[in-house]
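Heads up, the thing below is written out as structure tokens.
The values are calculated or read from the model by the stated rules, or taken from the named source; none is laboratory data. Source: prediction; values computed, not measured. Virtual Cβ from ideal backbone geometry, glycine too; neighbours counted across all protein chains shown.
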Amino acid sequence: MSDVKPVLELRNVDKSFGPIDVLHDISLKVGAGEVLCLLGDNGAGKSTLIKLMSGVYQPTRGDIMMDGEKITFISPRDAQERGIATVHQFGGTYPLMSIGRNFFMGAEPTKGVWPLKVFDRKTANRIAVEEVQKMGITRITDGDRLVGGLSGGERQSLAIARAVYFGARVLILDEPTAALGVKQAAHVLRIVNQAKRRGLAVIFITHQVMHAMAVGDHFAVLIRGAVAADFHKGEKTREQIADLMAGGESMAELEANIEGYMETHGGQPPPPAH
Amino acid sequence: MTETTTNSGSALETKLEPTAGFSIKAFFRSPAAGAFMGFVAVFVLFSIFGYDRNFLSVPGMTTWMNFASIIGMIAIPVGFLMIAGELDISTGAVVPASTMTVAIVSQHYEMPVMVGIAAALAVGALIGFINGFIVTRTRVPSFIVTLATLFAVAGITLYLSIFFINNTNSFYHAPDWAKSLFGGKVFGFNSSVFWWLGMIAGFIFFLHYSPKGSWVFALGGDQESARNAGIPVRKMKIGLFMLCSTSAAFAGVLQVITFNSATSQANFGLIFNTIISVVVGGVLLTGGFGTVMGIVFGVLTLSIVTQAIGFTQIDRNLSFLIIGVMLLIAVLLNDTFRQLATSWSTAKKK
């Protein structure tokens with residue numbers, strides 16, 4: 001573990017909706033310039049976890065810490081103001097709106113004086129195009145274009161560029177590559193790396209192990225609402241991770257085995273089984 | 001009718017494609033394009049068939065302009081709601097509620113006219129608030145919520161009319177200054193036409209230029225993302241419902257002062273007219289797309305077809321047929337324009 005204070009940390013967080021426990025005893029942390037990959041099959045509780053971290057829900061028990069201090073997000077807006085940006089699968093963009101307007105949604109630049117304050121289209125378009133190009137998307141040159149005409153990867157990039165521009169410190173990416181082709185996905189992964197290099201703490205949610213391994217520094221596997229495994233880059237092979245995600249039943253046993261192995265082998269993980 | 005619209009559409013496009021200037025291309029990407037072409041087609045057609053029957057004369061113009069102004073000042077906020085992904089059909093009850101409020105307050109209780117107007121607008125705002133509140137706090141679709149308030153308000157209006165003045169209809173004679181301000185005539189155009197023009201300017205500013213305008217589109221485009229972007233979704237929606245009902249109430253105020261009479265009968269035709277105008281005006285039924293000018297052209301087209309058909313040689317019984325066909329063509333055309341708009345990137349690259 002790194003010595004720097006984690007930017008965002010969950011400590012023994014539980015979330016239940018009435019009698020139904022969705023998440024139990026989740027402890028995770030992510031530091032600046034680090035990518036935490038959250039892996040899990042459908043229904044593992046990934047989306048609930050995202051909503052906890054982005055202020056949509058509050059934990060039933062346990063604490064959320066930012067920079068080592070306990071905090072409560074009272075709303076998504078509150079979380080956002082503290083620097084948590086969430087980008088959803090389809091980029092959180094509006095297909096029939098221009099790039100400039102999408103980029104500044106909710107924080108529109110204006111010119112003129114009240115009551116004749118108008119949306120500053122030119123500035124919005126210029127900044128949006130600049131920021132997206134910084135992310136390596138040079139194909140976008142006109143901020144008036146509708147987002148519906150962009151590819152899935154470009155939309156993700158736009159959303160990530162937006163988050164970075166508005167001073168996000170934690171970037172939560174919800175299945176950003178799920179709906180994309182190979183090339184597009186590679187592009188998004190490059191952008192994730194770029195965000196990481198810029199010192200953002202990235203939480204990357206996916207069920208595609210390859211994508212996770214390409215960018216992740218730290219991995220957590222979520223099964224039925226609990227962290228079933230928590231390990232660092234290079235500690236497990238791709239097959240092991242896939243097994244972990246799929247094999248909910250043998251989870252505890254497998255984990256015990258690995259831990260036992262690691263204890264007797266000086267912290268080394270077991271060699272790949274295949 | 002069918003022939004004219006579709007032909008002019010495709011012919012223009014192919015002709016303009018290679019050499020088109022920026023503004024013309026931009027126009028064809030705009031959601032108002034279909035509505036504008038429909039309006040031109042109908043106007044030309046009616047001018048030809050109505051030339052010797054005074055379609056182009058002042059009485060001809062004022063007939064449909066006066067009608068359009070009342071429909072239009074309600075249709076634009078209804079369109080805002082549709083862009084935001086909601087529907088409001090309660091307007092058909094808000095207008096009579098407003099006219100009766102003015103008549104009861106200012107005629108029966110002899111209060112100053114401004115008190116009557118303020119009361120009517122307050123009734124409108126309250127109905128809008130109830131609509132918005134229920135829609136944002138429950139999962140009931142706005143169509144059902146406003147259908148419920150449509151009947152509820154119509155019922156209350158009837159009941160209270162009988163209760164206060166023991167009559168379902170009433171009359172009101174406004175003082176001269178109010179009459180000329182709200183219900184006067186200039187060259188045959190009712191005051192409502194000028195109010196409408198002013199409101200169009202305000203609505204255009206709000207939707208297309210003010211920073212909050214894009215929030216309306218965001219609500220209909222992707223409400224979840226809008227909420228995540230920090231947009232006060234509930235407040236915006238309640239505000240839009242209130243704007244819609246208050247505009248309908250204002251239309252009622254103008255009506256009662258113009259015609260000196262008020263009725264408590266719900267105006268179901270108005271509901272259809274506003275929604276047809278909005279859809280013909282190029283607003284996407286599922287939200288997220290539309291323009292004020294598109295709705296304006298939708299309103300004008302509808303008004304010409306329903307009101308001015310008597311000034312032409314076209315059998316007036318055909319007006320509903322024309323509207324039905326026009327509605328279908330509009331929706332089909334709008335799909336094409338929308339595709340043009342989103343595929344712009346690839347077209348430009350090649």
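All conditions but one from (1) within 14 Å of another protein chain (Cβ to nearest Cβ); (2) of a type in the set (Lys, Arg); (3) touching a residue at least 12 places away in the same chain (Cβ under 8 Å) apply to A:Lys51; the one that does not is (3). Among the residues of segment A:111-125, those identified as within 10 Å of chain B (Cβ to nearest Cβ), crowded, with 18+ Cβ neighbours inside 10 Å and not in a loop (DSSP other than H, G, I, E, B) are A:Phe119, A:Arg121, A:Ala124. Taking segment B:171-201 as the range and being loosely packed, with under 13 Cβ neighbours inside 10 Å and small (Gly, Ala, Ser) as the test, the residues that pass are B:Gly198, B:Ala201. The criterion of at least 2 residues that are crowded, with 23+ Cβ neighbours inside 10 Å, within 14 Å of chain B (Cβ to nearest Cβ) and at pLDDT below 85 is met by the following helices (runs of 4 or more DSSP H) wholly inside segment A:126-236: A:152-165. Only one of B:Ala249, B:Ala262, B:Ala229 is aliphatic (A, V, I, L, M), over 20 Å from B:Phe80 (Cβ atoms) and more than 12 Å from the chain's Cα centre (by Cα). Can you tell me which? After ruling out the rest, the residue left standing is B:Ala262. With respect to the conditions (1) in a helix (DSSP H, G or I); (2) within 14 Å of chain A (Cβ to nearest Cβ); (3) crowded, with 17+ Cβ neighbours inside 10 Å, B:Pro211 falls short on a single one, namely (1). Considering B:Thr149, B:Thr157, B:Thr246, the condition of being more than 14 Å from every other protein chain (Cβ to nearest Cβ), surrounded by 19 or more Cβ atoms within 10 Å (Cβ to Cβ) and without any contact (Cβ under 8 Å) to a residue 60 or more places away in the chain is satisfied by B:Thr149 alone.
Do we find that B:Arg234 is without any contact (Cβ under 8 Å) to a residue 24 or more places away in the chain, touching a Lys or Arg at 6+ places or on another chain (Cβ under 9 Å) and either within 14 Å of another protein chain (Cβ to nearest Cβ) or within 21 Å of B:Val299 (Cα to Cα) (or both) in this structure? Break it down stepwise before answering.
Details: without any contact (Cβ under 8 Å) to a residue 24 or more places away in the chain: no; touching a Lys or Arg at 6+ places or on another chain (Cβ under 9 Å): yes; either within 14 Å of another protein chain (Cβ to nearest Cβ) or within 21 Å of B:Val299 (Cα to Cα) (or both): yes.
No, not satisfied.
Among the residues making up segment B:216-226, those that are buried (at least 21 other Cβ atoms within 10 Å of the Cβ) and facing chain A (nearest Cβ under 10 Å) are B:Phe217, B:Ala218, B:Leu219, B:Gly220, B:Gly221, B:Asp222, B:Ser225, B:Ala226. Looking for something among the hydrophobic types (A, V, I, L, M, F, W, C), farther than 16 Å from B:Ala68 by Cα and at pLDDT below 95 - is there at least one such residue anywhere in segment B:269-280? For segment B:269-280, residues among the hydrophobic types (A, V, I, L, M, F, W, C), farther than 16 Å from B:Ala68 by Cα and at pLDDT below 95: absent. Taking the conditions exactly as written (at the interface with another protein chain (Cβ under 10 Å from one of its Cβ atoms) and either among the aromatic types (Phe, Trp, Tyr) or loosely packed, with under 15 Cβ neighbours inside 10 Å (or both)), does A:Phe104 satisfy them or not? Considered against the rule, which asks whether it is at the interface with another protein chain (Cβ under 10 Å from one of its Cβ atoms) and either among the aromatic types (Phe, Trp, Tyr) or loosely packed, with under 15 Cβ neighbours inside 10 Å (or both), A:Phe104 comes out as yes. If you go through segment A:76-101 and pick out every residue that is within 7 Å of chain B (Cβ to nearest Cβ) and of a type in the set (Lys, Arg), you end up with 2.
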